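The block underneath contains the structure these notes are about, expressed in structure tokens.
The values are calculated or read from the model by the stated rules, or taken from the named source; none is laboratory data. Predicted model, so just to flag it, every value in this text is computed and none were measured. Here Cβ is always computed from backbone atoms with ideal geometry, including for glycine, and neighbour counts include all displayed protein chains. Surface areas here come from the heavy atoms of the whole protein model, side chains and all, with no ligands, DNA or RNA. Shrake-Rupley method; radii C 1.70, N 1.55, O 1.52, S 1.80 Å.
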Amino acid sequence: MRAGDLLTLDLERLAPEGDGLSESAGTFVHVPGGYPGERVEARVEHASRQAPRAHARLVSLLQAHPARRAPPCPHSDAGAAPRAGACSGCPLQALDVAAQRELKRAALVDRHGLDPGPLVASPDEWGYRWSSKRVVTGASGHVLVGSYHRGSHAPAAMDDCRVDHPSIAAAARELQAAASALAIEPYDEATGAGDLRYAWFKTDGRDVLLTLITAARPSRAAELLPGALKLPAGVAWSVQAGRGNAVRGDPPVLLRGQSVLSVRLADVPVEVGPLGFLQPNPRVAELAYRDLVADEAGAPHRGALAFDLYAGAGVTTALLRREFAEVVPCEAYPESAAALGVPAESAEAFLARQQAAGRVPELVVANPPRGGMGPAVSAALARLAAPRLQIMSCSAEALVRDLAVLQASGYVLRRLRAYDTLPHTPHLELVAWLSRETD
Ligand SMILES: C[S@@+](CC[C@H](N)C(=O)[O-])C[C@H]1O[C@@H](n2cnc3c(N)ncnc32)[C@H](O)[C@@H]1O
């Protein structure tokens with residue numbers, strides 16, 4: 001297979017980034033804009049020499065998915081070949097949302113042999129994002145508060161983004177207009193010159209907290225924008241001088257208004273600061289949190305002792321405390337650990353300490369970051385041998401790795417559920433219920 005070849009392809013699978021995928025003569029061909037179940041004509045743009053993989057540009061749709069629709073967002077190139085300046089943030093939106101969920105479920109079965117059954121739908125199809133990190137690009141006088149097109153640093157417009165909460169979309173529009181009017185210099189990735197790099201918006205469903213991330217101090221953006229912006233209830237500032245893609249920079253400084261939002265997740269109030277993590281779609285995350293602390297049939301667990309690993313803002317800790325006499329959270333990020341009233345500690349060190357003290361809880365709940373718990377923590381949990389383990393994960397790959405260690409040591413996967421945390425994207429969240437073989 002070579003660049004320039006025109007192929008007729010039956011797309012069989014969904015690739016992790018949302019492309020349609022076909023196996024043609026032993027080569028996996030990615031076709032952005034095509035969906036599983038479709039027949040397309042596509043021209044090869046790049047064929048890898050190292051791996052049996054190629055990328056092809058959708059030329060024509062010979063047989064469309066029955067749930068195909070025009071993408072509701074005018075900025076999106078979903079369902080079509082990539083378009084310069086378009087937003088690639090929601091590659092599945094040219095299908096209705098029920099068909100998207102079915103494709104995600106089928107991809108889990110196909111790639112990982114996991115079948116969670118129908119995905120739990122997001123209560124909101126649009127306007128569900130309560131946390132949105134935007135990239136500032138463009139030029140002085142024509143600032144764009146948008147994103148990068150997938151796989152590149154090509155700027156993409158996100159005006160009136162339909163998945164962002166409406167108060168975030170309005171605040172982003174206001175920032176774009178104000179930054180343009182004040183001739184704020186957008187940061188330039190290529191040269192490292194410029195001022196404003198990112199804008200991180202969070203909302204509690206009403207108010208907006210905006211964190212401006214600039215490349216250096218002093219900053220005209222940090223000096224002039226807080227007074228020009230009327231919509232955010234708070235404006236904070238953090239400097240990120242590194243050349244990578246990290247958004248979080250130096251400790252934040254409050255420039256105007258309030259520094260914290262109070263968000264209720266599963267009826268637990270959570271305080272979120274300028275650089276603090278907030279679940280992007282809290283309305284569906286709270287369904288997963290409630291499941292995570294209950295048994296596989298949805299009934300509350302009760303007992304003397306539970307551990308909450310990777311406790312973060314403490315939502316699951318608070319929920320577990322309603323049912324258990326003692327709940328011990330574990331969290332490595334110092335600010336979050338301090339808020340939970342525990343020393344910052346890795347899950348591995350925590351488990352070693354608890355095991356040395358002979359403490360075996362009835363239940364361990366874990367919500368690790370994207371990389372999963374990893375082999376050391378999974379093995380430590382296997383040694384601890386608590387009767388029940390319940391794990392929430394945003395990465396099926398990582399969960400499968402962790403499950404393999406636990407299943408080899410006598411745990412049985414009793415139930416798996418998946419949640420459509422980010423509709424129109426390939427992302428999802430999983431909850432796994434495990435207990436010992438003998439139970
Ligand atoms: C996916 S978040 C969980 C968020 C939490 N469920 C909440 O509602 O805020 C993962 C959390 O694990 C913490 N973390 C990352 N690596 C860790 C480690 N090795 N040991 C313990 N905690 C860790 C992070 O600081 C983060 O708060």
- Sole miss for residue 308 among (1) in contact (Cβ under 8 Å) with a residue 12 or more places away in the chain; (2) open to solvent by 20 Å² or more (accessible area, probe 1.4 Å) is condition (2)
- Contact list, first residue from region 213-241 and under 22 Å from residue 170 (Cβ atoms) and in contact (Cβ under 8 Å) with a residue 60 or more places away in the chain, second anywhere and part of a strand (DSSP E or B) and among the basic types (Lys, Arg), beta-carbon distance below 9 Å, six or more apart or interchain, is 232/256
- Query: Is at least one residue of region 198-206 under 26 Å from residue 340 (Cα atoms), surrounded by fewer than 21 Cβ atoms within 10 Å (Cβ to Cβ), within 15 Å of the ligand (Cβ to nearest atom) and not acidic (Asp, Glu)?
  - Reply: no
- Query: Which one of these is out of contact with any helix residue (DSSP H, G or I) (no Cβ under 8 Å at 6 or more places or on another chain) and either open to solvent by 30 Å² or more (accessible area, probe 1.4 Å) or farther than 25 Å from residue 154 by Cβ (or both): 209, 182?
  - Reply: 209
- Could you look through region 381-402, keep only residues that are free of Cβ contacts under 8 Å to residues at least 60 places away in the same chain and part of a loop (DSSP other than H, G, I, E, B), and pick out the one that is farthest from the ligand (Cβ to nearest atom)? 387
- Taking region 265-279 as the region of interest, how many residues are of a type outside the set (A, V, I, L, M), more than 9 Å from the ligand (Cβ to nearest atom) and surrounded by fewer than 22 Cβ atoms within 10 Å (Cβ to Cβ)? 4
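Looking only at region 361-373, decide whether some residue is touching a residue at least 40 places away in the same chain (Cβ under 8 Å), within 12 Å of the ligand (Cβ to nearest atom) and open to solvent by 50 Å² or more (accessible area, probe 1.4 Å).
Step one: list which residues in region 361-373 are touching a residue at least 40 places away in the same chain (Cβ under 8 Å), which gives 361-369, 373.
Filter again for within 12 Å of the ligand (Cβ to nearest atom), leaving 365-369, 373.
The next check asks that each one be open to solvent by 50 Å² or more (accessible area, probe 1.4 Å); those that pass are 369.
So far as region 361-373 goes, yes, one or more of its residues are touching a residue at least 40 places away in the same chain (Cβ under 8 Å), within 12 Å of the ligand (Cβ to nearest atom) and open to solvent by 50 Å² or more (accessible area, probe 1.4 Å).
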- Query: Are there any pairs, at least 6 apart or on different chains, whose C-beta atoms fall under 7 Å, with the first in region 329-340 and at pLDDT below 90 and the second open to solvent by less than 30 Å² (accessible area, probe 1.4 Å) and within 9 Å of the ligand (Cβ to nearest atom), and if so, which?
  - Reply: 336/312; 339/314
- When you look at residue 405, is it away from the ligand (no atom under 15 Å from the Cβ), outside any strand (DSSP E or B), open to solvent by 20 Å² or more (accessible area, probe 1.4 Å) and among the aliphatic types (A, V, I, L, M), yes or no? yes
- Message: Being of a type in the set (Gly, Ala, Ser) and either open to solvent by 20 Å² or more (accessible area, probe 1.4 Å) or part of a loop (DSSP other than H, G, I, E, B) (or both) is the requirement here; does residue 169 meet it?
- Response: no
- Task: Please verify whether region 314-333 includes one or more residues that are within 13 Å of the ligand (Cβ to nearest atom), open to solvent by 50 Å² or more (accessible area, probe 1.4 Å) and touching a helix residue (DSSP H, G or I) at 6+ places or on another chain (Cβ under 7 Å).
- Result: no
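Among the residues of region 236-264, which ones are part of a loop (DSSP other than H, G, I, E, B) and either open to solvent by 50 Å² or more (accessible area, probe 1.4 Å) or at positive phi (or both)?
Across region 236-264, the qualifying residues are 241, 243, 245, 246, 248, 250, 251, 252, 258, 260.
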